[in-house]
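Heads up: the structure comes next, in structure tokens.
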Amino acid sequence: MPNPRPTKAKPPVLGGVTGASGINTLRQDVEDYGTRKRRTNATGRYLAGGSTDKLSHRLLRCARHLNWRWYPEPDKRVLYGAKFCQLHLLCPNCAHRRASRQAVRVHEKLLYLAEQHDYWFVTLTVANGPDLAERFEHLVRSFKALRQLSRDHLRGKGRYVELSRAEGLVWAFEFTHSEENGWHPHIHMIAALPKGSGPIRYGVHPLTGEVSQLRQDWHDVTGDSIITHAEPLDMSNPHKSVCELVKYSLKFADLAIPDQIDAYETLRGRKLMECSGSLRGVELSEDDTLLDDLLTGKYFDFLYRWHGEAYTLVSAPLTPSQSLLESLSRVNGGGNGQNHHHADGVGQSEPDARDLREVEGAC
Ligand SMILES: [Zn+2]
């Protein structure tokens, strides 16, 4: 039976395993952590000295070891040990861990309430500008005003706004940047509408010229912006939309390190993901450890350490089974696996060809 009062629904079991989690992807995953760690260290070195020394220290010490635990049945892998700097606006590994953990929570909640809701993926944007703080405040104020209009309408005090149909929202701020256009802040959100609701229309009808309610609402509160988008979330494959929602607030690959640091100074301490109504409770706490939950069953541990420019495997199972040996050989790109017991340098036989842009996908 669907819960008739979703806002009172018990929270789902949260946790789970983030990202690609089998043994076959271990090697690539560790390489991707290395690519991101190099960027973190470059930022740490840039900040070294003077009043930023503490920040630099945190960045340089982030994720210097990665403890993976692999469960052969059913081929799941968790990151159960690592110390993260938690500076997700400066450190791509921390941004990656937050996004992955956040994705699991949002996904679980959407599944839990799926019988009561149709979900829509909605984007609201404001015009570009050179001043990130000013653009961000404009976006925050506008969205707050929109939610207030929605609440007023539900209390019978004001006109109809499209989002007043939503019983729950989860939204996140994202900021893209280019030299030509400056900062482009926008909001991605998932809106939970009662099951069977009509669609959320956006833009202008191509035949009749009718302006959608959402566009009208957004222009009313921003005074200068009309760009909105809405599409139904496909619950047979919600992964894409969930990843789009939780992806990094800042795109590291698009930002020079000084711009990144300016953005950090502007945005730190600000809530960049929030939720309301039936989707309340999905946001990750600021002090989340960013580690996966342990599973049960037989397991093998793999310890990687950061050595200057890459992670190396310093500890692997001593008594592996034949199937583990086979899996390890795949991890190492084709060896027999025997040489990985306490093997330094696993995975270094091929150059790391993936740059930051490629590994920036959140989920
Ligand atoms: Zn970090």
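The values are calculated or read from the model by the stated rules, or taken from the named source; none is laboratory data. Note that the structure is a prediction, hence the values are computed from the model and not measured. Glycine gets a Cβ as well: all are built from the backbone with ideal geometry, and neighbour counts include every protein chain shown.
Starting from the stretch 297-315, keep only residues that are under 16 Å from R27 (Cβ atoms), then list their pairs with residues that are modelled with pLDDT of 90 or more and among the small types (G, A, S) whose Cβ atoms are within a distance under 6 Å, requiring at least 6 positions of separation or different chains.
A310/G34; Y311/G34
Inspect the stretch 203-213 for any residue being within 23 Å of E274 (Cα to Cα) and either surrounded by fewer than 16 Cβ atoms within 10 Å (Cβ to Cβ) or in contact with a Leu (Cβ under 9 Å, 6 or more places away or on another chain) (or both) and give the result as yes or no.
Our first condition is that a residue be within 23 Å of E274 (Cα to Cα); within the stretch 203-213, this holds for none.
No, the conditions are met nowhere in the stretch 203-213.
Among the numbered criteria (1) at pLDDT below 95; (2) near the ligand (Cβ under 9 Å from one of its atoms); (3) assigned to a helix (DSSP H, G or I), which single criterion is violated by L59?
For L59, the failing item is (1).
Against the definition (within 23 Å of F173 (Cα to Cα), among the basic types (K, R) and part of a helix (DSSP H, G or I)), how does K54 come out, yes or no? Explain how you work it out, then say what you get.
Details: within 23 Å of F173 (Cα to Cα): no; among the basic types (K, R): yes; part of a helix (DSSP H, G or I): yes.
Judged against the criteria, K54 is not a match.
Report the residue count in the stretch 72-104 for those that are away from the ligand (no atom under 13 Å from the Cβ), farther than 27 Å from R280 by Cα and either modelled with pLDDT under 90 or of a type in the set (K, R) (or both).
6
Quick test of your reading of the structure: Y71 fulfils all but one of (1) closer than 20 Å to H96 by Cβ; (2) in contact with a strand residue (DSSP E or B) (Cβ under 8 Å, 6 or more places away or on another chain). Name the failing condition by number.
Here Y71 clears every test but (1).
I'd like to know if the stretch 113-126 contains one or more residues that are over 16 Å from the mean Cα position of the chain (by Cα) and within 13 Å of the ligand (Cβ to nearest atom).
Looking for residues that are over 16 Å from the mean Cα position of the chain (by Cα) and within 13 Å of the ligand (Cβ to nearest atom), one finds none in the stretch 113-126, hence no.
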